[in-house]
Amino acid sequence: MIAPDDPRWPGSPPPADGAAPLVLLGASVRALAQSAVRCGWAVHAADLFADLDLLAVAREAVAVGDAVAGADAAATYPWSLRAAAARFPPGAAWCYTGALENHPELIAAIAATRPLAGNPPAAVRRLRDRHVVAAAARAAGLAVAETFDDPAGLPVDGTFLVKPVAGAGGRGIRPWTARAAARHALESAAPHGARGPRQWQRLVAGAPWSATFVLGVGGPRCVGVARQLVGATWCRAAPFAWCGAVAAPVRLAPAFAAAVARLGPPLAAGSGGAGLVGVDLIVDDAGRVHVIEVNPRPTASMELFERTGELAVAADHLAACGIASPVFRPPAAPTDAVWSKAVLFARPGTRIDAPTIRALRRESRAWTDADGGWPALADVPRQGPSLPGGAPVLTAFARGPAPAESLAALRSRIAVVDAIVRPDPACAAVPDDA
């Protein structure tokens, strides 16, 4: 049981005394930080949020948001992470999370100052290269979503998607329609051009999945596959936005995992990658697996496999990069429970005040006890200004004997949280899609 007066967030592992330092950088590092602390590291972290449960486990954590207008480029995210890293223990190894794979030049700049545990820029570029990924997929007998760098000649009937090349989490994806084409033409004609490079990918009808691979030392190895939650209205997620996952460890999905596992060797050989990487997939109605893209770093779905005993995220990632964790604390004994997670997004003007945090802590404590001590709520924001509509509020977890039961429990918890986290009355008249 978790003591009611425990100052840590329910389920947070206690920081290790005298542990070796590890630096974590990215948009959100909480999941990797919790795993690293379980593996005996003293975490020094910088991300966009510095949420309550990150503060609970890190030796130090700072929030690095967008700089104010007029600030120089070095003070603006993501380059502000470089300045944050400079304040952390010199010589300590560092890992990155999403979406720093979109900024290999930043990875190179930080890697010049401290040892990198993860994919260096050259490997990132190869793993993000659709031609390299397509060759690996075909070598594994898997399908590849047809992709183009230019929309010339493509139909505008929604059979293709336009997506940012440097994207993450499904943001910026939309169907390629006549309206989207007109918008793209206007953006391209603007003084600064379109908002970053785009690519056009054929829409593959089917179920979204992801696969977790360990590359490098001891790899390649497929840890498991997870059904992705995308655009779920009960999470208030935008269309195409990633909002959670339901894990299926290898032993619970042997045939599917075996097919996906064939991708590991050619992907590793073609990229020279190291550490944990995630692969986005679509399984069509005929059961054929289509490879969409590769995320060359620990992803948000991977912590579910730590709860099933398939993976120790930080230890396995670091070991694959040739760095042993100071104290290996094995994850929980393998279980046939199916774990799931979901991100709730905010209504306009959502308030995070002291009563809200107390109510969330109360629910989290009860659910965490029921789940064997694993945190039931995570990425919990600090008390502060109202959140804008569409911003992430927090992450909830649940488990069940099968995917349907796990997802039902997850939806129930999200509904409870959504009733607790309310917008300001002044924002009550603002529609959710404003």
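So, A269, is that one touching a Gly at 6+ places or on another chain (Cβ under 7 Å) and either buried (at least 20 other Cβ atoms within 10 Å of the Cβ) or at pLDDT below 95 (or both) or not?
In short, no.
For R351, work out the one condition from (1) in a strand (DSSP E or B); (2) closer than 18 Å to R399 by Cα; (3) among the basic types (K, R) it doesn't fulfil.
Failing condition for R351: (2).
Can you tell me which residue is surrounded by the fewest Cβ atoms within 10 Å (Cβ to Cβ) among those in segment 281-304 that are more than 12 Å from the chain's Cα centre (by Cα) and under 19 Å from G118 (Cα atoms)?
E293
Restricting attention to segment 182-196, does a residue exist that is touching a residue at least 60 places away in the same chain (Cβ under 8 Å) and crowded, with 16+ Cβ neighbours inside 10 Å?
There is no residue in segment 182-196 that is touching a residue at least 60 places away in the same chain (Cβ under 8 Å) and crowded, with 16+ Cβ neighbours inside 10 Å.
Out of all the residues in segment 169-194, which are in contact with a strand residue (DSSP E or B) (Cβ under 8 Å, 6 or more places away or on another chain) and not basic (K, R)?
Within segment 169-194, G169, G170, G172, I173, P175, W176, T177, A180, H184 meet the criteria.
Here's the yes/no breakdown for (1) surrounded by fewer than 19 Cβ atoms within 10 Å (Cβ to Cβ); (2) in contact with a Leu (Cβ under 8 Å, 6 or more places away or on another chain):
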site	(1), (2)
A123	no, no
L142	no, yes
F148	yes, yes
V162	no, no
A166	yes, no
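So A255 clears everything in (1) assigned to a loop (DSSP other than H, G, I, E, B); (2) modelled with pLDDT under 90 except one condition, right? Which one?
Just one mismatch for A255, condition (1).
Residue-wise test of (1) assigned to a helix (DSSP H, G or I); (2) more than 30 Å from Q34 (Cα to Cα); (3) modelled with pLDDT of 95 or more.
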{"site": "A109", "(1), (2), (3)": "yes, no, yes"}
{"site": "R114", "(1), (2), (3)": "no, no, yes"}
{"site": "N119", "(1), (2), (3)": "no, no, yes"}
{"site": "A134", "(1), (2), (3)": "yes, yes, yes"}
{"site": "R138", "(1), (2), (3)": "yes, yes, yes"}
{"site": "A168", "(1), (2), (3)": "no, no, no"}
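Suppose the filter is in contact (Cβ under 8 Å) with a residue 60 or more places away in the chain and either of a type in the set (S, T, Y) or not assigned by TED's automatic domain parsing to the domain that holds G91 (or both); does V156 pass it?
no
Only one of A396, A409, A366, A419 is part of a helix (DSSP H, G or I), in contact with a Lys or Arg (Cβ under 8 Å, 6 or more places away or on another chain) and modelled with pLDDT of 95 or more; which?
A409
The values are calculated or read from the model by the stated rules, or taken from the named source; none is laboratory data. It should be emphasised that the depicted structure is a prediction, and the values quoted were computed from it without experimental measurement. All Cβ positions, glycine included, derive from the backbone under ideal geometry; neighbour counts span all protein chains shown.
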